[in-house]
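A.B. asks: Would you mind keeping the following structure in view while I ask a few things?
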Amino acid sequence: MNIYAIIILITLTISFILDLVTEILNLKSLRKELPAAFEGVYDREQYIKSQEYTRVRTHFGFVTSAFNLVIALVFWFAGGFNYLDQIVRGWELGNIWTGLVYIGILLLARSIISLPFSIYSTFVIEERFGFNKTTPLTFVLDIVKGTLLALIIGGAALAGVLAFFEYAGSYAWFYCWIAVTIFSLFMQFIAPTWIMPLFNKFTPLEEGELRSAILAYADSVKYSLKNVFVMDGSKRSSKSNAFFTGFGKNKRIALFDTLIEKHTVGELVAVLAHEIGHYKKKHIWQGMIIGILHTGIVFYLLSIFLSHRGLFEAFYMEHMSVYAGLIFFGMLYSPIEMILSIFMQIFSRKNEYEADRYAVETTGEGENMINALKKLSVHNLSNLTPHPWYVFLNYSHPPVLQRIRAIRAINVG
Ligand SMILES: [Zn+2]
């Protein structure tokens, strides 16, 4: 075994064990007593159900990741990467097409392997806890649409990257960086109008009390709000949410129909104010800039390791190639990715506090935001007492009790 194989193997093992340990800690920190802040919002039975939900999801997550790890290791050490390479090379498709087919087959195999898990998650676990609204038809259509999009959009982007590294010489990483950045900004720009409607129906929020209250609020913070959309989240799940997508003229805020159903006008304005807070505090732009810089660094490092023979030998490859290098580098890079993701989660949790603060300060009160958060936690059966280490590694939002405490600490007026 060479140094590359050892680094990758250690990373896979450590991240598996780390997940396992934090998940066990997380289960151990489930508390029997209902936190005081949720007195009267949660009845005892539902609270116990929420803990059962956390337990079931955790066990399922453990089985899934253990299975995936075993499959990956068996494929690796049985020489699967080289075996597949020999077959695809035998078809003599030329450099770019060989790469597209090779990566395509690996991705396809991964989706097929994960399909039973996905079916079980949707139709057994989510069903059991009353969340599932996905029909088998929607489930199949989602897979078909998702696969077609991946083939067209992902295929085009991958072909570009392979072509640059194949033919553009030593500045290939730089061209890739520029091209992928433009491409992904374009995708984010068209996502709200062209891509997301393929999966969900977006209807403009109808005239009425809610719409007037939202427009009055947006006006008061000088946010030009032309688009508030209602998304038919109920098509797949009874869980509720709200989000901000796109940018420039194409930016829009979407509220799930399931959210509108369960919340008061005041609470919905608070949720919307939180989303506008992300925009006003420039979180959207910061996220994009970090993403762009990260892409550049990844391509630069990739360009260095593509010529390291040892990386290919670690996977028993007879030939070096850009396409296989992409996959192996992705695995070699995963420890850095893991550390970066921890920083990104810290950054994201800080942004959530800021958006909450913005919502409270601009609406002039915190009770609606607090009530909205409580209801969201109850309806989505969120874990109220996650272990701090689990939060540190995995949470993009602070735990709800900490958000409520932070909101209560804000002096309004
Ligand atoms: Zn947020």
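A.B. asks: Note the per residue figure in Å³ for the convex hull of the C-alpha positions in the stretch 38-108.
C.D. replies: Dividing the Cα hull volume of the stretch 38-108 by its residues yields 114 Å³.
A.B. asks: Rounded, prolate or oblate: which one fits the stretch 1-148, using the alpha carbon gyration tensor with axes a ≥ b ≥ c (rounded when a/c is under 1.5, else prolate when a/b beats b/c, else oblate)?
C.D. replies: oblate
A.B. asks: Hey, what's the per residue convex hull volume over the C-alpha atoms of the chain, in cubic angstrom?
C.D. replies: Per residue, the Cα convex hull of the chain comes to 150 Å³.
A.B. asks: Using a Förster distance of 45 angstrom, determine the FRET efficiency expected from the C-beta separation of GLU313 and LYS282, and round it to 0.05.
C.D. replies: Approximately 0.50, to the nearest 0.05.
A.B. asks: Hey, what's the chain come to in accessible area per residue, 1.4 Å probe, Å²?
C.D. replies: For the chain, the per-residue accessible area is 52 Å².
A.B. asks: May I pose another question? Mind grabbing the base-10 log of I(q)/I(0) for the stretch 235-284 at q = 0.18 Å⁻¹? Debye formula, identical points on the C-alpha positions, no solvent, two decimal places.
C.D. replies: -0.60
A.B. asks: What ranking, highest mean first, results for peptides 192-203, 305-316 when packing means the other Cβ atoms within 10 Å averaged over each residue?
C.D. replies: Output ranking for 192-203, 305-316: 305-316, 192-203.
A.B. asks: Here is a further query. Taking the alpha-carbon distance from LYS32 and a cut-off under 17 Å, which aspartates and glutamates remain once sequence neighbours fewer than 8 residues away in the same chain are dropped?
C.D. replies: Within the straight-line cut-off, LYS32 pairs with ASP43, GLU45, GLU52.
A.B. asks: Once Rh for the stretch 37-78 is found with the Kirkwood sum over Cα pairs, what is the Stokes-Einstein diffusion coefficient at 37 °C and 0.692 mPa s, in µm²/s?
C.D. replies: 258 µm²/s
A.B. asks: If you split all Cα-Cα distances of the stretch 194-257 into 10 Å bins from zero, what percentages do you get per bin, shortest first?
C.D. replies: All Cα pairs considered, the percentages come to 19, 53, 25, 2.
A.B. asks: Turning to a different aspect of this structure: Describe numerically, in nm with one decimal, the distance between label points set 7 Å from Cα along Cα→Cβ at GLU127 and at VAL41.
C.D. replies: 3.1 nm
A.B. asks: Based only on Cα atoms, what mean projected area does the convex hull of the stretch 208-329 have, in nm²?
C.D. replies: Spelled out: convex hull of the Cα atoms, projected over all directions, averaged, 11.2 nm².
A.B. asks: With just the Cα atoms defining each centre, how far is the stretch 151-188 from the stretch 360-374? Give it in Å.
C.D. replies: First find each Cα centre; the distance between them is then 44 Å.
A.B. asks: When the label point is put 7 Å from the Cα of ASP232 along its Cα-to-beta-carbon vector, which residues of the stretch 126-144 have a backbone N closer than 12 Å?
C.D. replies: Those under the cut-off are 135, 138.
A.B. asks: I'm a student and want to see the number: the projected area of the Cα convex hull of the stretch 174-217, averaged over all directions, in nm².
C.D. replies: 4.8 nm²
A.B. asks: Which angle from 0 to 90°, rounded to the nearest 10, does the C-alpha axis of helix 367-379 make with the longest principal axis of the chain?
C.D. replies: 50 degrees
A.B. asks: Can I ask one more? For the peptides 372-383, 113-124, what is the packing order when you average, over each peptide's residues, the other Cβ atoms within 10 Å and list the highest mean first?
C.D. replies: 372-383, 113-124
A.B. asks: I need the Debye-formula profile for the stretch 275-389: one equal scatterer per C-alpha, no solvent, reported as log10 I(q)/I(0) at q = 0.15, 0.19 1/Å, two decimals.
C.D. replies: -0.83, -1.04
A.B. asks: Per the Debye formula with a single identical scatterer at each Cα and no solvent contribution, what log10 I(q)/I(0) holds for the stretch 147-273 at q = 0.15, 0.17, 0.20 Å⁻¹?
C.D. replies: The calculated log intensity ratios at q = 0.15, 0.17, 0.20 Å⁻¹ are -0.78, -0.90, -1.10.
A.B. asks: Any chance you could give the angle, 0 to 90 degrees and rounded to 10, that helix 265-280 forms with the longest Cα principal axis of the chain?
C.D. replies: 40 degrees
A.B. asks: In the chain, with Lys and Arg counted as +1 and Asp and Glu as -1 at Cβ, which of these residues, SER377, LEU393, GLY94, has the Cα nearest the positive end of the dipole, that is, farthest along it?
C.D. replies: SER377
A.B. asks: Which distance in nm do the two modelled labels at LYS249 and LEU340 give, with both placed 7 Å along the Cα-to-Cβ direction?
C.D. replies: So the label points at LYS249 and LEU340 sit 3.3 nm apart.
A.B. asks: Residue by residue through the stretch 79-92, which ³J(HN,Hα) values in whole Hz follow from phi under the Karplus form 6.51 cos²θ - 1.76 cosθ + 1.60 (θ = phi - 60°), with glycine and proline marked x?
C.D. replies: Those phi angles translate into x, x, 5, 6, 4, 4, 4, 4, 4, 5, 4, x, 7, 6 Hz.
A.B. asks: If you average the C-alpha positions of the stretch 192-210 and of the stretch 304-355 separately, how far apart do those two centres end up, in angstrom?
C.D. replies: Computed from Cα coordinates, the inter-centre distance equals 36 Å.
A.B. asks: If you don't mind, there's one more thing I want to ask. By how many nm would the segment from LYS145 to LEU106 lengthen if fully extended, with 0.36 nm per residue of separation less the alpha-carbon distance?
C.D. replies: So the chain would gain 12.2 nm between LYS145 and LEU106.
A.B. asks: Can you give the Rg/Rh ratio of the stretch 95-197, where Rg is from the C-alpha atoms and Rh is the Kirkwood radius?
C.D. replies: Ratio of gyration radius to Kirkwood radius: 1.09.
A.B. asks: Moving to a separate point now. Run through the DSSP bridge list for the chain and note the antiparallel percent, rounded to the nearest 5.
C.D. replies: Beta bridges within the chain, antiparallel portion: roughly 60 percent.
A.B. asks: Considering only protein heavy atoms and a probe of 1.4 Å, how much of the accessible area of the chain is carbon and sulfur, as a whole percent?
C.D. replies: Carbon and sulfur: 66 percent of the exposed surface of the chain.
A.B. asks: Just going by the charge dipole of the chain, with Lys and Arg at +1 and Asp and Glu at -1 on Cβ, which of SER238, VAL221, THR122 is farthest out on the positive end?
C.D. replies: Checking the options against the dipole of the chain, the answer is VAL221.
A.B. asks: How far apart, in nm, are the 7 Å Cα→Cβ label points at LEU73 and ILE3?
C.D. replies: With each label point 7 Å from Cα toward Cβ, the separation is 2.5 nm.
A.B. asks: While we're looking at this one, here's another question. So for the stretch 336-413, what percent of the C-alpha to C-alpha distances run longer than 17 Å?
C.D. replies: 48 percent
A.B. asks: What area, in nm² and to one decimal, does the C-alpha convex hull of the stretch 1-86 cast on average over all directions?
C.D. replies: Taking the Cα atoms of the stretch 1-86, their convex hull projects to 7.9 nm² on average.
The values are calculated or read from the model by the stated rules, or taken from the named source; none is laboratory data. Model, not experiment: these values are computed from the prediction. Note: ideal-geometry Cβ built from the backbone for every residue, glycine included; neighbour counts use all protein chains shown. Each accessible area value is taken on the protein alone, full model and side chains, heavy atoms only, with ligands, DNA and RNA left out. Shrake-Rupley method; radii C 1.70, N 1.55, O 1.52, S 1.80 Å.
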